[in-house]
Each structure stands twice: as structure tokens, then as C-alpha cells.
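In what follows, a structure is listed as C-alpha cells, so that the remarks can point back to it.
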Amino acid sequence: MNKAKINKIIDMSVVDGPGNRTAIFFQGCNFNCFYCHNPETINHCINCLECIEKCPEKALDSVNNKVIWDSVKCVDCDKCIKTCKYDASPKIYNMTVEDVLKRIEYNRPFIKGITASGGECTLQSKFLVELFKETTKIGLTNFVDTNGGVDLLEEREIVEIADKFILDIKAMDRDEHFSITRKYNDVVIKNVKYLAGLGKLYEIRTVVIKGINNYETIDSITKLLQPYLENQDIKYKITRYRPFGVRQEFSNHEPPDDEEMEKLKAIAVNNGFKSIILV
């Protein structure tokens, strides 16, 4: 039976696509962004067992040298996550499609759809396809929030069944993208054009940090997508970096001020974007 590693489920979210949605955050990511606000979602637990003794509630134990998490005892103090040296978390749910559906059904009277996020949810695309087939049957819309690092031309089944995609573009400059994520952006750009061409790109997102090439990034991204705006409205969420939740060694970066954020918005407007959200 196909199972997914899921970090958490937010039953009702109004920031992960249109309307009220259940957001499912999958564990594991193929990028390693230095400003990641949830670095504990990047890797999978290697069962080093160091977190067990740090848990004040005794919600962690080991069986056959594997970490076992008791969600009932857990009070979400996150001392285990702060202890972990491997950008992972022992607080992971191994869930079947049926398990996730039960949670979604509980929320169904109050939600418009679901959004799969992460980590990087497309790394578990087979599970996503199975899940979306079931949620489509009960009248929910299916959105994918992705970093664009998995070649979606090779994952056509998930593209066909998903209603829309939300995609991060960290940078347009290839080397700058590598410095941020430890991966080049060739596949990301390929996916952006592919999804926009299908009319399935709901929203793009960019995190902006003081001292990084924000103006060129925003200008290049919006010019890339400008030809597609004639037939669809693509939202652009420009997110101000915040030093909360990031790894300590990267916490000395600063967010852009309000003036810079407005200038970035003006660039997007000038290049044809109408729906711009500054966060």
C-alpha cells in the first residue's frame, strides 16, 4: 500500500490557493535554500536517536534503532527539531491515501479544495496522483505548491489531474539560483513555461532579501511570463524575507524595506502583472 511521509496537515488555510483549503505538507525536498523557513522538512530522519533524550515529554522512543514518535504525548515544543543536525524531523506521519482522505473528509464542509505542499510534494508524485483522483471524485479542487525542481514533463499524470500549480522562482540568474538552493534553475524555468502554456500556473512566488539581486530577478521573471498574461491571470506573490525559523547560521540576513517592496511591485505592474501580493 502506497504511503507518503507527511510533515503536517493544516486543516484550513487561506494562503495556499483560492478559498479555504486543506494544506498537506510533505516531508523531503530536493532544494536546500539557505533562507528556508522550515529546514526540518528538507531531509528524512536518519535515526541517529540524538533527539530522544532531548524530549521533555518522553514523546520519542526507539524501536529497533528507529525513532518512534508519540503524537499524543507531544506538545510541539520542537526541541527535537532544534537538536537535529540533519535538517529533518522525527515528527512525521506515514499516511496512506485513505488516512489523508479521512482528514480531508472531516474538513470537507468548510473547504474548496486541497493544496499539496512541502518540503517538495512532487517527489512523492505517485501518491499525489492517487490522492487527487479521490479528492476530484468528491468535488474538491487540487493545487500543487512546488519549487519546480522536478521535471513535470516527465510527471504528466500529476499535471493532468491537478487543477493549478503554485510555483516558486527563487532567482532567474542561474548561478544566483544555485547559490540560494544548491541547484540550477534550468528545470524550474522549463516548468514555468510548460505550466503557463497549459494555463495551469495559478501563482508564482519569490522571496526577496536585502542585498540580493531582487530588481533583476523580478524584472526577468515577469518578462518571461508576460506573453502568457494575455490569456490568463497569473498571480505574483513577492514575499519579504523574515529571519524566523531559518537556520541560525543564516539568520543575519535582512528583509527589504517598504520602499524596495513597492519598487519591486511597480516592476511587475509595468511588465503586465495585475494580481500582485506583497507579503
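The values are calculated or read from the model by the stated rules, or taken from the named source; none is laboratory data. Values in this document were obtained by computation on a predicted structure and should not be read as measured data. Glycine also receives a Cβ, built like all others from the backbone with ideal geometry; neighbour counts cover every protein chain displayed. Heavy atoms of the whole protein, side chains included, go into the accessibility calculation; ligands, DNA and RNA do not. Shrake-Rupley method; radii C 1.70, N 1.55, O 1.52, S 1.80 Å.
Which of the residues spanning region 2-46 are open to solvent by 50 Å² or more (accessible area, probe 1.4 Å) and part of a loop (DSSP other than H, G, I, E, B)?
Hits for region 2-46 are Asn2, Val14, Val15, Asn32, His37, Asn38, Asn43, His44, Cys45, Ile46.
Among the residues of region 241-266, write down those that are assigned to a helix (DSSP H, G or I), of a type outside the set (S, T, N, Q) and more than 20 Å from the chain's Cα centre (by Cα).
Glu249, Asp258, Glu259, Glu260, Met261, Glu262, Lys263, Leu264, Lys265, Ala266
Quick one: is Lys54 open to solvent by 30 Å² or more (accessible area, probe 1.4 Å), over 25 Å from the mean Cα position of the chain (by Cα) and under 29 Å from Arg242 (Cα atoms)?
For Lys54, the condition - open to solvent by 30 Å² or more (accessible area, probe 1.4 Å), over 25 Å from the mean Cα position of the chain (by Cα) and under 29 Å from Arg242 (Cα atoms) - is met.
Quick one: is Phe273 aromatic (Phe, Trp, Tyr) and open to solvent by less than 60 Å² (accessible area, probe 1.4 Å)?
Taking the combined requirement at face value, the residue satisfies it.
Looking at Asn32, is it over 30 Å from Gly139 (Cα atoms) and of a type in the set (S, T, N, Q)?
For Asn32, the condition - over 30 Å from Gly139 (Cα atoms) and of a type in the set (S, T, N, Q) - is met.
Step by step: first the residues of region 135-174, then only those that are in a helix (DSSP H, G or I) and open to solvent by less than 10 Å² (accessible area, probe 1.4 Å), then the one that is farthest from Asn185 (Cα to Cα). Which residue is that?
Thr135
What's the number of the only condition in (1) at pLDDT 95 or above; (2) more than 26 Å from Thr239 (Cβ to Cβ) that Ser71 fails to meet?
(1)
Quick one: count up the residues across region 83-129 that are basic (Lys, Arg), within 18 Å of Cys29 (Cβ to Cβ) and not in a helix (DSSP H, G or I).
2
Here's a check for you: in region 57-71, which residue that is under 30 Å from the mean Cα position of the chain (by Cα) and among the aliphatic types (A, V, I, L, M) is surrounded by the fewest Cβ atoms within 10 Å (Cβ to Cβ)?
Checked region 57-71; the qualifying residue surrounded by the fewest Cβ atoms within 10 Å (Cβ to Cβ) is Ile68.
Can you name the residue in region 236-257 that is out of contact with any Lys or Arg (no Cβ under 9 Å at 6 or more places or on another chain) and surrounded by 10 or more Cβ atoms within 10 Å (Cβ to Cβ) and is also nearest to Asn271 (Cα to Cα) among such residues?
Out of the qualifying residues, it is Arg240.
Being in contact with a strand residue (DSSP E or B) (Cβ under 7 Å, 6 or more places away or on another chain) and over 22 Å from Cys36 (Cα atoms) is the filter; apply it to region 114-129 and report the residue that is surrounded by the fewest Cβ atoms within 10 Å (Cβ to Cβ).
Phe127
Can you tell me how many residues within region 235-263 are touching a Phe, Trp or Tyr at 6+ places or on another chain (Cβ under 7 Å) and either at pLDDT 95 or above or over 24 Å from Asp175 (Cβ atoms) (or both)?
2
Scan (1) surrounded by fewer than 16 Cβ atoms within 10 Å (Cβ to Cβ); (2) under 30 Å from Thr83 (Cβ atoms); (3) not hydrophobic (A, V, I, L, M, F, W, C) for the single condition Gly199 breaks and write down its number.
Every listed condition holds for Gly199 apart from (2).
Quick one: would you say Ile189 is buried (at least 20 other Cβ atoms within 10 Å of the Cβ) and outside any strand (DSSP E or B)?
no
Could you tell me which numbered condition Phe132 fails, if it satisfies all but one of (1) crowded, with 23+ Cβ neighbours inside 10 Å; (2) assigned to a helix (DSSP H, G or I); (3) touching a residue at least 40 places away in the same chain (Cβ under 8 Å)?
(3)
Across region 220-235, what is the number of residues that are without any contact (Cβ under 8 Å) to a residue 40 or more places away in the chain, open to solvent by 80 Å² or more (accessible area, probe 1.4 Å) and in a helix (DSSP H, G or I)?
Number of matching residues: 2.
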